[in-house]
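What follows is one structure encoded as structure tokens, with my remarks underneath.
The values are calculated or read from the model by the stated rules, or taken from the named source; none is laboratory data. None of these values were measured; they are calculated from a predicted model. Heads up, the Cβs are rebuilt from the backbone with ideal geometry, glycines too, and the neighbour counts pull from every protein chain shown. Remember, those area values only see protein heavy atoms, side chains included, never the ligands or the DNA or RNA. Shrake-Rupley method; radii C 1.70, N 1.55, O 1.52, S 1.80 Å.
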Amino acid sequence: MNQTPGRGGWMTPDADASEPAPITIMLSSRLMVLANLLKRGAILRYKRLAGLSSVEFGLVASLGRRPPMSVARLAEAVGQDKGQISRALAELVARKLIAKSANPRDSREVLVSLTETGLAAHDAIVEGAQERNRRLLEHLSEAEFETLLQQVDQLTAIAAEMLESEKNSR
């Protein structure tokens, strides 16, 4: 049976076992595969370069070369709650990559920042990310790259709207 991909998936309703599942041809599935491959490659690279787990490199990357930030703000930046990041923060403090201090304006609040060692890990992450990004995009022309960015931004906005719609449908 001949099936061709379309915007909504397969163009015909029937499929045999030799053909991929209809959902795998959809753009959203393809983008998830791409994102997962990029994430897995990044995790392996940052583990090799800086000895950081995926959660740890997310924290180090988010702290960057910025002023100290609250644990709550950091959790918001990485999209996790404070409890989820507490173990990773403790490990990064023990490895002297992150320093903790009390907020001078509110002593109940803890601020975190990168140490010199943490800044070196951050710089390795940034350098690795730039190299991976160059390699990913080197085959695109400038016009193709600009078009891709516009399309990704448009799809991201639509996906955000869809997420809000799902949240409101509960």
(request) Among the residues of the stretch 67-90, count how many are more than 19 Å from the chain's Cα centre (by Cα) and closer than 19 Å to residue 123 by Cα. (result) 3
(message) What pairs come out if I take residues in the stretch 153-165 that are closer than 13 Å to residue 31 by Cβ and pair them with residues that are part of a helix (DSSP H, G or I) and open to solvent by 90 Å² or more (accessible area, probe 1.4 Å) whose C-beta lies under 9 Å away, six or more apart or interchain?
(response) 155/27
(request) Quick one: which residue in 44, 137, 74 is touching a residue at least 12 places away in the same chain (Cβ under 8 Å) and either farther than 30 Å from residue 149 by Cβ or not basic (Lys, Arg) (or both)? (result) 74
(request) Check off (1) at pLDDT below 90; (2) assigned to a helix (DSSP H, G or I); (3) loosely packed, with under 13 Cβ neighbours inside 10 Å for residue 2 and give me the number that stays unchecked. (result) (2)
(message) Just the residues that are open to solvent by 80 Å² or more (accessible area, probe 1.4 Å) and under 17 Å from the mean Cα position of the chain (by Cα), please, taken from the stretch 142-155.
(response) 153
